[in-house]
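Student: One structure coming up, written as structure tokens, with questions to follow.
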Amino acid sequence: MKIGFIGLGHMGSAMAGNLLKAGHDVSVFNRSPGKAESLLKLGADAAADIAGACRGEVVITMLADDAALAEVAWAEDGLIASLSRGAIHLSMSTISVALSERLTQAHQQAGQRYVVATVMGRPDMAAAAKLFIFAAGDPAAIDACQPLLDALGQKTSRVGPQPSAANLVKLTGNFLQAAIIEALGEAIALIGRSGMDRRAYVELLTSTLFTAPAFRIFGPLIADGAYEPAGFAAPLGYKDILLLRTAAENLRVPMPLVSLLHDRFVRLFAQGGERLDWSAIGGLATQDAGPPRALTTSSPSPAA
């Protein structure tokens with residue numbers, strides 16, 4: 001399949017590499033030069049501009065935020081202007097519901113097709129083609145993209161005909177992960193404050209009731225305070241919490257935990273944590289708890 005791939009960050013580079021390994025004809029473009037070298041060695045073609053990446057049946061975008069994707073979509077030589085009629089824009093970025101709805105309308109007016117296929121997983125899962133994918137859009141268009149999705153992930157779940165549904169599912173998924181990070185951080189802080197072994201506690205949790213990948217990934221990072229290098233940078237997690245909060249406000253759904261997580265990220269950044277993994281918000285509870293103290297069974301006396 002002849003495709004273009006735009007956005008060669010940690011996730012995008014791994015994903016484009018897997019498409020090449022699966023035998024697809026891939027043209028790659030990144031706004032910052034120099035990120036395509038390893039892919040060129042695998043057989044990718046270097047597109048000189050956005051239009052050069054839009055000459056195939058599908059163009060995939062894997063970009064950091066709304067601003068980056070909007071620039072690529074509506075530039076003079078961007079996706080809307082350059083994709084042929086019937087071609088597919090496969091958006092795999094984590095973006096707002098509102099921008100996804102704008103893209104749906106713009107591609108429809110241009111006679112193009114638009115599919116959203118958001119992903120769950122860190123860079124190591126992307127490299128191993130083990131991502132979980134949430135796809136939404138016209139079923140026939142998703143069918144056309146399925147060979148690409150099969151080369152990128154271990155499972156594709158279809159969540160509806162409206163493309164933006166996949167964006168909302170992804171944002172709620174990241175919200176749940178952030179909530180797990182906060183809860184793990186608080187529990188680990190309490191264990192550490194008592195003088196118990198933090199890592200042994202995490203191993204106990206993740207070998208019994210809490211075996212889900214989020215606990216296995218984030219628990220050790222928080223227990224060890226290992227937030228560098230960032231697998232998913234904290235500013236990206238904060239961006240997703242802001243996008244979810246906007247979606248919740250638009251739908252008039254109160255989400256109190258979103259406000260807590262927002263404040264946790266703001267505190268992390270106030271301490272200079274922009275370069276850390278987003279699991280670093282789970283370490284803030286340990287800072288609040290202070291140094292370990294002996295576990296005691298006595299209770300504080302009630303106030304007079």
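Student: What number goes with the only condition from (1) among the aliphatic types (A, V, I, L, M); (2) within 18 Å of the chain's Cα centre (by Cα); (3) not in a helix (DSSP H, G or I) that A166 does not pass?
Tutor: It is condition (3) that A166 fails.
Student: Assess whether A166 counts as being within 12 Å of T94 (Cα to Cα), surrounded by 22 or more Cβ atoms within 10 Å (Cβ to Cβ), at pLDDT 95 or above and in contact with a Ser or Thr (Cβ under 8 Å, 6 or more places away or on another chain).
Tutor: Here the answer is yes, as A166 does meet what is asked.
Student: Residues in region 89-128 that are in contact with a strand residue (DSSP E or B) (Cβ under 9 Å, 6 or more places away or on another chain), assigned to a helix (DSSP H, G or I), within 18 Å of A141 (Cβ to Cβ) and in contact (Cβ under 8 Å) with a residue 60 or more places away in the chain: how many?
Tutor: The qualifying residues number 3.
Student: Looking at L260, L251, L236, can you tell me which residue is of a type in the set (A, V, I, L, M, F, W, C) and under 28 Å from D124 (Cβ atoms)?
Tutor: Step by step, each of L260, L251, L236 is checked, and only L236 is of a type in the set (A, V, I, L, M, F, W, C) and under 28 Å from D124 (Cβ atoms).
Student: Which of the residues belonging to region 220-245 are acidic (D, E) and assigned to a loop (DSSP other than H, G, I, E, B)? It would help to see each step written out before you state the result.
Tutor: So in region 220-245, the residues acidic (D, E) come out as 224, 228, 240.
The answer is E228, and nothing else.
Student: Of all residues in region 58-77, count the ones that are within 17 Å of A98 (Cβ to Cβ) and not hydrophobic (A, V, I, L, M, F, W, C).
Tutor: Residues that pass the stated criteria total 4.
Student: Tell me, please, whether a residue that is part of a helix (DSSP H, G or I) and either of a type in the set (D, E) or over 21 Å from the mean Cα position of the chain (by Cα) (or both) can be found in region 5-12.
Tutor: No, region 5-12 contains no residue that is part of a helix (DSSP H, G or I) and either of a type in the set (D, E) or over 21 Å from the mean Cα position of the chain (by Cα) (or both).
Student: Another question about this same structure. Name every residue in region 259-278 that is more than 17 Å from the chain's Cα centre (by Cα), crowded, with 17+ Cβ neighbours inside 10 Å and not charged (D, E, K, R), in order of residue number.
Tutor: L268, G273
The values are calculated or read from the model by the stated rules, or taken from the named source; none is laboratory data. Keep in mind that what you see is a predicted model, and the values were worked out from it rather than measured. Heads up, the Cβs are rebuilt from the backbone with ideal geometry, glycines too, and the neighbour counts pull from every protein chain shown.
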